[in-house]
Amino acid sequence: MSAISHYKAELRFALILVALTALSIRVSLYVPDEYFDNAITPILMSASTAVALCCAWITSRHTEGYRMRRIWVWTLLLWGFLDGIYVVSWLFMGKPVMNMGAYELTTPELALGNLLGWSLLLYPTEALRPGWMNTRRVLYQLLPMFALVALDYFLPVNLRILVALYPIFLLVLLFTHVREYKLWCEDNFSSLEDIDEKSIIRFMCVGFLVALVYFYMCVSHSHARGLTQQWLVIFFLAYGTDLVLFRRNPWVQVKQSANNDSPKEDVQLQPSEVYRRTLEEWMEKEKPYRNPDFKLVDLQNVLPMNRTYLSQFIHAEYDCSFYLFVNRYRVEEAKRLMSENPNMKMGEISSCCGFSSPSVFSRTFTAIAGLSPREWSKN
């Protein structure tokens, strides 16, 4: 299966969002300056404030001990607070704090824009590398940004382009951890539905688009430069909240199983051939792969190893990830059912073999067997 077909839905999502963004920028060029400053901007800023605070309240009621959700709550509160300052200043002082007019962004606006952009990277960082972000690493990420802003202010050198590109630079670095996250999921789970990397990639693609529009704001002197940025941010905050609340967190499942996951003293007491034979007999007799939620730690029912040793054992003995190891059994079971029950529906076969859905069954079967289930059944 090619990478393009694997990410087909994500590419479609990104292209539609890019098209809407480009159309918005084009249309915004025809918005009169006074109408934009006095009507559109206050409305959009009020909407972003309301969305951020509302989403923060909803998420705060469902944190359930998830660090990832608590981080997203603080991100939403930061956006809501700063946008709220703009709305209050416009309502009661007659002038906005942020200057969205036909002038280049001021130094405080540059620093504030970078800070807000950086805050949107906290959720995907925690999703891909839970527990990695701490106070020291936060300072390491923020210090270069504020140093560039200070140099731009004190030196007669224009560093605005570098300042505007810094959030994009951090986001690109974060993209390099996606493959590592995917491999981790394949080593621990037999089904990647709802816990794979695609939803995080979507989140980061929207973030990348927000960063590009922010860069356009830094280099453009158009009054309407903030129109696209504001509606895109509103969409981003709402979409991110939906993702944080309804996406399954695989790290939590592994963490719960790892509470009693300590190295066993007798890991090396038996040769690997014995453990391999024990595992294969258990897989063929008990058929645990029929459970869609079958996980790596479930192998501890028959093998006296912790999670790390189990993963190393699967890679060493079968030269594949746990995900592929289990799905090979599922495909073989599907072949047996199709041979013995030619009238059995594909949906029933999918369910009996432990696949989470018929589409996943068809995709996985084709990738492993080289033929679709229907083609294999006919042959």
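Structural remarks
- For the chain, the 222 nm mean residue ellipticity estimated from helices alone, with every DSSP H stretch of n ≥ 4 adding -39500 (n - 2.57) and the total spread over all residues, rounds to -22500 deg cm²/dmol.
- Violating pairs (Cα-Cα greater than 18 angstrom) within the set Lys8/Lys378; Lys335/Lys378; Lys8/Lys198: Lys8/Lys378
- Dimensions of segment 269-378 from C-alpha coordinates, computed as largest minus smallest value along each principal axis and given longest first, are 48, 23, 22 Å.
- Gap separating the Cα centres of segment 22-50 and segment 165-209, nearest whole Å: 32 Å
- The convex hull of the Cα atoms of the chain, projected and averaged over all directions, covers 23.6 nm².
- Here the chain is scanned for chymotrypsin sites (Phe, Trp or Tyr not before Pro) in DSSP loops (not H, G, I, E, B) that have at most 16 other Cβ atoms within 10 Å, and the longest stretch holding none of them is 133-379.
- Cut-off under 5 Å, modelled amide H: who pairs with Phe189 long-range: Leu296, Tyr323
- Among the trypsin sites (Lys or Arg not before Pro) in segment 330-378, those located in a DSSP loop and surrounded by at most 16 other Cβ atoms within 10 Å of their own Cβ are Lys345.
Throughout, read-outs are computed from the coordinates displayed, never taken from laboratory work. Fair warning: this is a prediction, and the values are worked out from it, not measured in the lab. All Cβ positions, glycine included, derive from the backbone under ideal geometry; neighbour counts span all protein chains shown.
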